[in-house]
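Reading through the structure tokens given below for one structure.
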Ligand code: 13P
Ligand code: ZN
């Protein structure tokens, strides 16, 4: 019996992840295998009841002791978002870390299975973020990475590879960007994807911002639900789109004034 069969909350969560994977593809942010998702599902499953011995075990190079015994849904490396949208459990894994946090059991596969694949190559960043969330005691369960085109395009312009200028621009393009994301976006200068270094740099920035923009690559966003996490990236990208649309029409976007932004900040603080 699959562990999703008798768990309506987990079933719903997987449906929501599939829904968002479809949006990422439709937005054009998920070329080939671009992007990855992980969700901490520990609150949805009683880990003690799972017979882990019949599942494959994978040792990790870096241990995450604070995540010991926790359960995650994580997309597979090389898997496509458009496939995840149709067949989520063929393209993502349900895993449980062992008691030391030094490896994980793949709960969605039997030991004998010949359909074994690895989690995303950005797994170090995902687990590092889940560990940071656990440490600070906040309630985000979702980590979503995608190649949000217009936000990535902004990082091809040196002027906007500067966190302050980037946020002023994005907040100024649409009032709701300040209302929903008053903490703004964090910026990480280019680092090789999939490395521990990019994980370390992202963690520094995510302490203060729910979204981080990786120069010339994509965004990482954390949130309480997969839908809200997607929405936050969508809002930020809308601002970038307005900027480029205005520029393409031959105009320089005016942006909102400091006074207008201050008023919106007050609204955001009462939200
Ligand atoms: P994965 O297929 O390993 O998840 O990689 C996709 C990606 O976007 C890397 O940054
Ligand atoms: Zn990527």
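The values are calculated or read from the model by the stated rules, or taken from the named source; none is laboratory data. It should be emphasised that the depicted structure is a prediction, and the values quoted were computed from it without experimental measurement. Note: ideal-geometry Cβ built from the backbone for every residue, glycine included; neighbour counts use all protein chains shown.
Listing for the model above:
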| read-out | value |
| --- | --- |
| Residues that are more than 17 Å from residue 116 (Cα to Cα) and surrounded by 14 or more Cβ atoms within 10 Å (Cβ to Cβ), drawn from region 56-67 | 63, 64, 66, 67 |
| Residue count for region 192-221, restricted to those that are part of a loop (DSSP other than H, G, I, E, B), over 15 Å from residue 233 (Cβ atoms), in contact (Cβ under 8 Å) with a residue 24 or more places away in the chain and within 16 Å of ligand 1 (Cβ to nearest atom) | 5 |
| Among residues of region 21-55, those that are under 11 Å from residue 226 (Cβ atoms), away from ligand 2 (no atom under 16 Å from the Cβ) and part of a helix (DSSP H, G or I), counted | 1 |
| One residue from 40, 16, 7 being in contact with a helix residue (DSSP H, G or I) (Cβ under 8 Å, 6 or more places away or on another chain) and modelled with pLDDT under 95 | 7 |
